[in-house]
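Only one structure is covered here, and it is reproduced in the block below.
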C-alpha cells in the first residue's frame, strides 16, 4: 500500500508544481494522527461530561426533593416527576444537596483554567506528544477514583474533579498544536473538523452509556470509561509523534509533502508578544471562542437536568435525549468534512471571507431554533428535542467550519499557545454557568429554563458580531518573526 501511494505521489509531480504536489490521505500518517485526535476527544469528553449525567444517579432522591418543594404548582410538578422517576431508576446513595451538585460540576473547570494558558506554550516549545498522551492516561486514573471518594467525602470528590481538570487542560492545546505538524495547509480545516467531531461523539456516547450502566450500578460508569481511556492513552505512545523526523513509519513522499507546511512554523523560542497583543484577529478568536463555548458548556453541563426537571423525562429517557445536540454535532461533521475539503481546494478559496460568512449564518440559524425552544411549552417535548437537534447541528457547523480552524491559518507557529489561551478564557463559562443557572432555575420549571436559553441567544449573537467584524484566517507577518525583531 505504501509503495502504491509513493508511485501515485510521484506521478502527480510535475516540474512546475513539485513543491505543491498532493500525497494521498488514505493510509497516511496524517490520517492516523487525525483518528487518534478524534478518539482522544471522545475520551476527554466522556470523562468530562459523564459526571454531569451520572450525578443524577449518584445522589439520593430525597436530597433534591427537600430543596425543590414549595407551595406553588410548578414545584409540585417537579416533585412528582422526580419522585415517580427516581423511585424506580435512581439507586443513588450519595447525600449531596442540590447546591452541592451544581458546585461540584464547576470544579473541573477551575482546574482546567489553571493549566490551559501555559499548556499551549509548553506544547509549542517541547512538542505535544507527552501532553497529548498523559492528559488521557492520568485523567483516566483520577476518573476511576471518583466512586471511591464520593462515598468518603464531598470535598475529596471535588478535589479529584479539580485535579482531573488540571490534567485535562494539557490535552486540547497539545492536540491542536500537533495539527500544525501533521496537517497540510490545504487539509487543516478538514482534519481539524474531523478530529473535533470527537467532541460530539464523546458526549453522544457519554449520556446513553451512563443511563445504561446506572441501571446496574452507577460506579460501573467510571470504571468502564476509565479503563478504556487508559488503554487508549498507552497505545498512543506508538501512534503519535512530535516531528516528521521522529516518526518511524513516515514515507519520504509524505515527508516532502508535509515539509513545506512545517517550514511555515517559526523556530524561535521567544514569543512575539508585542505583535500578538496588537492583533485584532487574535482578540476576535479568543472572544468568539469564549462566547461560543458558553452554549457548548451549558448543553454539556445542564441539558440532562433541563430534560429531567423542566420536561419530566425519566432517567433512561434523559440519557438518550440529552445526546440530541451532540448527535446534531455529528451530522454537522458529516456535512462539514466533505464541504471543507471541496472548498479548500478551489483556486479562488478565500478562508477569511468563507469563514466569516459561514460562521455568522450558522449562528443566525442557531438563535432562531433557540427562540422556538423558548416559545414551546413543556408538553411539546418532542418538538423541543427536534429544535435542540438543529441547535446542535448549526452550532457545531459554525464551530468546525467557521472560526475554530482559522487559528491554524492565522499563526501556525503559535496555534498551541493561542488555542490554550482561548480555551482558558472559555473555561470561565464552565464555572460561571452553573452559578447563573442555579440562580435562575431555582425550581427547575420550563419558564425558568427559558431565561437560561435567552442567555445562550445573547452569547451566540455577540460571537457572530465579533468574528464577523474582526475575525481573520490570513497568516500574520509575525508568524515567522525572529526573536530579536519583537519590539
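For the Cα trace of segment 363-484, dividing Rg by the Kirkwood Rh returns an Rg/Rh value of 1.09.
Counting pairs of Cα atoms in segment 333-388, how many percent are more than 13 Å apart? Present the calculation step by step, with values, prior to reporting the outcome.
Working: 1071 of 1540 pairs.
The share of Cα pairs beyond 13 Å in segment 333-388 comes to 70 percent.
Distance from the C-alpha centroid of segment 128-183 to that of segment 318-357: 27 Å, rounded to the whole angstrom.
For a Förster distance of 51 Å, can you work out the FRET efficiency between the beta-carbons of residue 348 and residue 379, rounded to the nearest 0.05?
Numbers: r = 51 Å, r/R0 = 0.99.
FRET efficiency, residue 348 to residue 379: 0.50.
Taking every alpha-carbon pair under 8 Å whose residues sit at least 6 apart, segment 184-331 reaches a relative contact order of 52 percent.
In the chain, the alpha-carbon atoms span a convex hull of 135 Å³ per residue.
What FRET efficiency comes out for residue 118 versus residue 477 if R0 is 25 angstrom and r is the Cβ-Cβ distance? Round to the nearest 0.05.
E(calc), rounded to 0.05, equals 0.50.
For the chain, the relative contact order is 25 percent, taking Cα pairs closer than 8 Å that sit 6 or more residues apart in sequence and dividing their mean separation by the residue count. On a 0 to 90 degree scale, rounded to 10, what angle separates helix 73-89 from the longest Cα axis of the chain? It is inclined by approximately 80 degrees.
Sorting 361, 291, 327 by the number of Cβ atoms found within 10 Å of their own Cβ, with the fewest placed first, yields 361, 327, 291.
For segment 362-406, what Kirkwood radius comes out of the mean inverse Cα-Cα distance, in Å?
Values: mean 1/r = 0.0917 Å⁻¹.
Every distinct Cα pair counted, the radius reaches 10.9 Å.
Segment 281-308 and segment 186-232 have their alpha-carbon centroids 19 Å apart. Taking N as the residue count of segment 312-431, its C-alpha radius of gyration divided by 2.2 N^0.38 Å amounts to 1.25.
Every number here is computed from the coordinates shown, using simple stated rules; none is lab data. Bear in mind the structure is a predicted one, so any value in this text is a computation, not a measurement. Reconstructed Cβ throughout: ideal geometry from the backbone, glycine too, with neighbour counts over all protein chains shown.
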